[in-house]
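Enquirer: Below are the structure tokens for one structure; questions will follow.
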Amino acid sequence: MSTNLNLRHLEALVAIARTGNFTRAAQALHISQPSLTVQIHQLEETLGVRLLDRNTRSVKLTQIGKQLTPVIQRLVRELESVVANAKELSTGDRGLVTVAALPSISSTILPRIIARFREQSPGIDVALKDVVAARILTLVKNEDVDFGIGSISDADPDIYTTPLFTDRMRIIFLPGSPLEHKRIVTLKLLTDLPLILMDQQSSVRTLIDRAFEAIGHYPVPAYEVTYMSTAVGMVKAGLGITFLPSSALEVSELSGVRSRVLNHPALTRKIVVAQKTGRSLSPAAEVFVKSLIASSQSLLTPTP
């Protein structure tokens, strides 16, 4: 079997499958009908199968042609994407950036950074996945995203990081609580209170568990939830207290509750850009990371 297959051969079959007609397919490809016929013959010879049944009135895909055409269509789209991306790589003016980020970052700081970035670079689209910390690392390592934004608690040789900002944990409680009269709260004050904690895949939960363990206390949550908004809702219902990072304090659900800084050195998390070791970013992703680093500090407003 010959191996001189090229993109024109694949595009020829896709065009005929789409139009059902040699004349219209040739017009769509801006080539002559005889040239299109030659390309189809060459494709059939290369693959060693008959792809089309033709007569003077119509052209139809053979059974093998029906099976191969969807595969070839996907291949053509992927090849076209490669060509488009290659052109974007030379300029950095256009492209798609995919980002995985913590929900607390995705719901507060990141939307404004993306909006500002889109004004400055309208040709670059940003796709956002809001996921827990452990999922961010998986997505980055599998190259399902260009990079992640989160808190990396343990060193990982497959990941290298760029610092963005430091996020401090705060305690969330109802007005009227004795905690309201304290500007800074210690963990020892909380050991007998009902705790509403995030699930164990959350970076916030990891920080809280380690901080309590450092003072010799192993917290058993009264409730365990997945979403920060759920935790705040349970606080409002009088079911306990919860912990949130400072970056999450802007969400609208926080109206009607109070917060205080937690006085413990372990209750801070470093928010970083996480990339796969040994993999370079596209120019579009590099442009976004630079904008992200420049914007994150100015958009993160400390809360007393």
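The values are calculated or read from the model by the stated rules, or taken from the named source; none is laboratory data. These numbers were taken from a predicted model, which means no experiment stands behind them. No Cβ is skipped: glycine too gets one built from the backbone with ideal geometry, and neighbour counts run over all protein chains shown. For accessibility, only protein heavy atoms count, side chains too; no ligands or nucleic acids. Shrake-Rupley method; radii C 1.70, N 1.55, O 1.52, S 1.80 Å.
Enquirer: Using only the alpha-carbon atoms of the chain as identical scatterers, what base-10 log of I(q)/I(0) does the Debye formula give at q = 0.10 Å⁻¹?
Expert: -0.69
Enquirer: For T37 and S255 in one chain, what is 0.36 nm times their gap in residues minus the Cα-Cα distance, to one decimal in nm? Write out the running numbers ahead of the final one.
Expert: Numbers: separation 218, 0.36 × 218 = 78.48 nm, distance 6.90 nm.
Result for the pair: 71.6 nm of gain on full extension.
Enquirer: Between region 188-221 and region 61-132, how many Å separate their Cα centres?
Expert: If we compute the Cα centre of each part, the gap is 39 Å.
Enquirer: Mind checking which lysines have their Cα closer than 30 Å to the Cα of K141? Skip sequence neighbours fewer than 8 apart in that chain.
Expert: Correct list for K141: K87, K129, K270, K276, K290.
Enquirer: Looking only at G48, G256, G233, which one moves most when the chain is put into a Gaussian network model with springs between Cα atoms under 10 Å?
Expert: In the Gaussian network model the winner is G48.
Enquirer: Next up: Between rounded, prolate and oblate, where does region 17-58 land on the alpha carbon gyration tensor, with a ≥ b ≥ c its root eigenvalues, rounded for a/c under 1.5, else prolate if a/b exceeds b/c? Present the calculation step by step, with values, prior to reporting the outcome.
Expert: Values: a/c = 1.98, a/b = 1.35, b/c = 1.47.
Oblate.
Enquirer: Ignoring any ligand, DNA or RNA, what whole percent of the accessible area of the chain comes from carbon and sulfur when the probe is 1.4 angstrom? Don't skip to the end; give the middle numbers.
Expert: Numbers: 8400 of 16140 Å².
Reported share for carbon and sulfur atoms: 52 percent.
Enquirer: Let me ask another. Determine the per residue accessible area of region 189-246 with all protein chains present and a 1.4 angstrom probe, expressed in square angstrom.
Expert: Per residue, region 189-246 has 46 Å² of solvent-accessible surface.
Enquirer: Given the Cα-Cα distance of Y223 and V82 and 0.36 nm per residue of separation, how much length would full extension add, in nm?
Expert: Values: separation 141, 0.36 × 141 = 50.76 nm, distance 4.83 nm.
Length gained between Y223 and V82: 45.9 nm.
Enquirer: Computed FRET efficiency, Cβ-Cβ of R168 and T138, R0 25 Å: what is it to the nearest 0.05? Numbers along the way, then the final one.
Expert: Details: r = 27 Å, r/R0 = 1.06.
Result of the calculation: an efficiency of 0.40.
Enquirer: If you fit an axis through the alpha-carbon atoms of helix 203-214 and take the longest principal axis of the Cα set of the chain, what angle between them do you get, 0 to 90°, nearest 10?
Expert: For 203-214 against the chain, the angle is about 30 degrees.
Enquirer: Each label point is 7 Å from the Cα along the Cα-to-Cβ direction; what then is the distance between the points at S280 and N6, in nm?
Expert: Going by the 7 Å Cα→Cβ label model, 2.9 nm.
Enquirer: Continuing with this model, one more query. Between Q63 and R116, take the C-beta separation as r, use R0 = 51 Å, and let me know the FRET efficiency to the nearest 0.05.
Expert: Working: r = 54 Å, r/R0 = 1.06.
Here the calculated transfer efficiency is 0.40.
Enquirer: Round to the nearest 0.05 the FRET efficiency obtained for A266 and A127 when R0 = 35 Å and r is the Cβ-Cβ distance. It would help to have the intermediate numbers written out before the result.
Expert: Values: r = 34 Å, r/R0 = 0.96.
After rounding to 0.05, the efficiency reads 0.55.
Enquirer: Rank these by accessible area, largest first, 1.4 Å probe: E78, E213.
Expert: E78, E213
Enquirer: For R24 and L193, calculate 0.36 nm times their separation in residues minus their Cα-Cα distance, and state this gained length in nm to one decimal. Don't skip to the answer; put the middle values down first.
Expert: Numbers: separation 169, 0.36 × 169 = 60.84 nm, distance 7.42 nm.
Extra length available between R24 and L193 comes to 53.4 nm.
Enquirer: Over the chain, calculate the relative contact order: mean separation of alpha carbon pairs under 8 Å at least 6 apart, over the residue count, as a percent. Can you show the working numbers first?
Expert: Values: 478 pairs, mean separation 65.5, N = 304.
RCO, the chain: 22 percent.
Enquirer: Would you calculate, for the chain, the mean residue ellipticity at 222 nm contributed by helices, counting each DSSP H stretch of 4 or more residues as -39,500 (n - 2.57) and dividing by all residues, to the nearest 500? Each step should come with its number before you reach the end.
Expert: Values: 10 runs with 128 residues, N = 304.
After summing the helix terms and dividing by the residues of the chain, the value is -13500 deg cm²/dmol.
Enquirer: Still on this model: Going from most exposed to least, what order do D93, D199, D53, D167 have by accessible area with a 1.4 Å probe?
Expert: Numbers: D93 100, D199 30, D53 80, D167 0 Å².
Listed by decreasing accessible area, they come as D93, D53, D199, D167.
Enquirer: Could you list the residues of region 119-155 with an amide nitrogen less than 17 Å from a label point located 7 Å from the Cα of D93 in the Cα-to-C-beta direction?
Expert: The answer is 119-125.
Enquirer: Among DSSP beta bridges whose residues both lie in the chain, state the antiparallel percentage, nearest 5.
Expert: 60
Enquirer: Helix 33-47 sits at what angle to the longest principal axis of the chain, using alpha carbons and giving 0 to 90 degrees rounded to 10?
Expert: 70
Enquirer: Also: Give the average over all directions of the projected area of the C-alpha convex hull of region 197-254, one decimal, in nm². All intermediate terms of the calculation are to be shown ahead of the outcome.
Expert: On the way: hull surface 15.9 nm².
Mean orientational projected area (region 197-254, Cα hull): 4.0 nm².
Enquirer: At 7 Å along the Cα-to-beta-carbon direction for both R74 and T230, put a label point, then send me their distance in nm to one decimal.
Expert: 3.4
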